[in-house]
Amino acid sequence: TAVVTVYGVTSITPIGTVAPVIIDAALDYSDLQLLVTYADGDSEKVSISAVTVGAIDTSVAGDKSFTVTYYGVEGKVNYTVIGVRSVSINAGLNTNYKVGDPFSYENINITVTYTDGSTKTFNAAEATAAGVVFNTAAIDNTKVGECDFTVTYKNVTSAAVKISFKAVEYEIFSVSAPKSITTLDTNKKYYLNGSYGYLVGDDNPFKYS
C-alpha cells in the first residue's frame with residue numbers, strides 16, 4: 001500500500017504590489033500573484049483568483065491591507081488609498097452677471113490635487129460624474145451684490161469664488177416729451193416762476209424707447 005503524504009500550506013505572501021487607488025474607487029488586484037509555501041518547504045505561485053479575498057475598503061485614505069485565504073491559511077496584501085488634498089476652481093467660470101441672469105457653471109474647470117501629489121482636471125460633466133458637489137445655495141441672482149461659490153469633492157471644499165450680480169443697465173435711444181416740455185424756450189417763464197410743473201404722483205410725460 002502506497003503512503004501519500006499531504007503537506008499543508010504554511011504561508012501565503014503576495015508577489016509584487018497592488019497599484020494605489022483613488023479614494024472610493026475600486027481596487028484592481030486582478031494581476032496579482034501569490035507565493036504559497038508548504039510544510040515540506042516546497043512553494044508555488046497561484047493567481048489571486050485561486051484564493052478567497054477578504055473585505056477591501058477604499059472609503060478612507062491611508063495605507064491598508066486585505067486578507068487572502070488559501071486552504072485555511074491567511075496572508076495579507078497591502079495597498080494604499082490616495083486621498084484628496086485640495087480642490088480648486090481654475091478656469092471657465094463666469095463670475096459677472098446682471099441681476100436676474102441665471103448662474104451657470106457649465107464651462108467650469110476644476111483641478112483636484114491628491115495626497116500623493118498627482119493632479120487631475122475635470123470639466124463640468126466629468127466633475128458631476130465623479131461626484132463633485134456644486135454649492136449653489138448661496139447664489140442669489142435677485143439682488144445686486146456678491147455671492148460665494150464653492151465646490152466640494154470627497155469632503156474637501158474649494159476656496160470661494162466671488163460671483164457678482166450688477167444692476168441692469170438700459171440704453172436709451174430716444175426720448176419724446178410733451179409739447180409743454182419741447183417748447184420750453186417759449187414757456188420757460190412758467191418753469192422759472194414755479195407756476196407750471198409736475199407733482200409727485202403725476203404720470204411721467206416722458207416716453208423712452
Where a label projected 7 Å from the Cα of ASN96 along Cα→Cβ would reach, residues of region 123-159 with amide N under 15 Å:
145-146
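Pop the C-beta distance of ASN78 and ALA137 into the FRET formula with R0 = 41 Å and round what comes out to the nearest 0.05. Before the final figure, lay out each step's value.
Details: r = 41 Å, r/R0 = 1.00.
Here the calculated transfer efficiency is 0.50.
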Label-point separation in nm, TYR71 to SER49, each point 7 Å along Cα→Cβ:
2.1
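Ignoring ligands, DNA and RNA, what percent of the 1.4 Å accessible area of region 61-151 is carbon and sulfur?
46
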Which whole-number percent gives the relative contact order of region 99-161, counting Cα pairs below 8 Å spaced six or more residues apart?
27
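Give me the percent relative contact order of region 44-142, please, defined on Cα pairs under 8 angstrom at least 6 residues apart. Walk me through the intermediate numbers first.
On the way: 137 pairs, mean separation 18.5, N = 99.
Computed value for region 44-142: 19 percent relative contact order.
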Extension gain TYR38-THR17, at 0.36 nm per residue separation less the Cα-Cα distance, in nm?
5.3 nm
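Please compute the net charge surrounding THR37, taking Lys and Arg as +1 and Asp and Glu as -1 over other residues with Cβ under 15 Å from its Cβ.
My count for the surroundings of THR37 gives -2.
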Excluding VAL81 itself, what net charge comes from residues whose Cβ is under 10 Å from its Cβ, given Lys and Arg +1 and Asp and Glu -1?
-2
Would you work out if region 1-93 is rounded, prolate or oblate? Take a ≥ b ≥ c from the square roots of the eigenvalues of the alpha-carbon gyration tensor; rounded if a/c is under 1.5, else prolate when a/b is larger than b/c, oblate otherwise.
prolate
If each K or R counts +1 and each D or E counts -1, the residues other than ASP63 whose Cβ falls under 15 Å of its Cβ total 0
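What does the extension gain come out to for VAL168 and ASP148, with contour length at 0.36 nm per residue minus their alpha carbon separation? All intermediate terms of the calculation are to be shown ahead of the outcome.
On the way: separation 20, 0.36 × 20 = 7.20 nm, distance 2.06 nm.
Extra length available between VAL168 and ASP148 comes to 5.1 nm.
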Normalised per residue, the volume of the convex hull around the Cα set of region 91-139 (Å³):
95
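Using alpha-carbon pairs under 8 Å, 6+ residues apart, how would you state the relative contact order of region 53-111 in percent?
Values: 75 pairs, mean separation 15.2, N = 59.
So the answer I get is 26 percent.
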With every protein chain kept in place and ligands, DNA and RNA left out, what is the accessible area per residue of region 1-108? Probe 1.4 Å, answer in Å².
60
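The values are calculated or read from the model by the stated rules, or taken from the named source; none is laboratory data. Since this is a predicted model, take the numbers as computed values, not measurements. Methodologically, a virtual Cβ is constructed for each residue, glycine included, from the backbone with ideal geometry; neighbour enumeration extends over all protein chains shown. With ligands, DNA and RNA removed, areas are computed over all heavy atoms of the protein, side chains included. Shrake-Rupley method; radii C 1.70, N 1.55, O 1.52, S 1.80 Å.
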